[in-house]
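The structure appears below as structure tokens.
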């Protein structure tokens, strides 16, 4: 088979502080790894501005790299956040047209439609122009696929994905060990966890992992009788740490498809999260865990109590089986087949 060569643009690991690795970095690094496993030719440009001297210098360097490398490939593909769509995507699409190459855009996270709706006319025009002129577009959630397909009929679902790095014994046993792993900010529902933890005795543990990214909390404020702040994790530490717990807590107020939920599923760990549209796409409440209204501490407590020795085994098996829908290598293969198709 004559494989096509791809130029991938996306955020690479933070060189200065690898513990600041976010979900989009994990996803992009995983795609590079999976395409490599498939034996495909890939060139990579880093779009993580933390790895450049400053934003302006970073954008210039990225433009120069695109200019130099696009002639070496058949397809250029940007994987990014809103900032990438505003500052890098227009140049990607333009250079692809000039060089007569195919282009694709993949948007991480699940709130792009909200940004678009509150943007001014100029930003809306820029975004719609970019989407219309890309050969393919990909979104993390199905509701974003529905929303943005009006600008480009070649719009596809590319969810948050992971690989099953540890093969667990399922069903797991229940030991009342609950864990939060994400950025430690108010919008992730940290206050709900802290408030709820006070209503349970010391047979329950509620541990919190992740970088504290604001002045909202101190490590001392995140520790108490049965709640404990454990600090940030390197990406490669997450699965091993997560495997020591029974239930993942993520009572967020805003999310796409959280990678940590998929990592929990890969281990057969059910969840407590919130009934956001994106989360409802990947969790049936009562099956892989329980979904609550954002900010509802009473419902959170009821969800905690819904886990017991009688119910936990089935929930664990359901979570383990749900992961098969989000296997990273399978989606990398689908992605490659789509962007190298001859339909456009």
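No lab work stands behind these numbers, since they all come straight from the coordinates. As the structure is a computational prediction, the values presented were derived from the model and not from experiment. Cβ coordinates were reconstructed from backbone atoms using ideal geometry, including for glycine residues, and neighbour counts include every protein chain displayed.
Before moving on, here are some points about what is shown:
- Taking the longest Cα principal axis of the chain as reference, the axis of helix 121-133 is set at about 70 degrees.
- 0 to 90° range, to nearest 10: angle between helix 23-37 axis and the chain longest Cα axis: 60 degrees
- Helix-only mean residue ellipticity at 222 nm for the chain, each DSSP H run of n ≥ 4 adding -39500 (n - 2.57), per residue, nearest 500: -11000 deg cm²/dmol
- Rough spin-label spacing in nm, given labels placed 7 Å along Cα→Cβ, for residue 214 and residue 74: 4.6 nm
- Shape call, region 40-116: gyration tensor on alpha carbons, a/c limit 1.5: oblate
- Gyration tensor (alpha-carbon) shape descriptor, region 267-344, a/c threshold 1.5: oblate
- A straight chain from residue 201 to residue 302 at 0.36 nm per residue would run longer than the Cα-Cα distance by 34.9 nm.
- Cα long-axis angle, helix 55-69 against the chain (0 to 90 degrees, to the nearest 10): 50 degrees
- The overall shape of region 177-326, judged from the alpha-carbon gyration tensor, is rounded, with an a/c ratio under 1.5.
- Between region 248-316 and region 74-88, the alpha-carbon center distance in angstrom: 31 Å
- Between residue 166 and residue 86, the simple spin-label model (points 7 angstrom out along Cα→Cβ) gives 3.9 nm.
- Spatial separation of Cα centroids for region 129-190 and region 220-241, in angstrom: 23 Å
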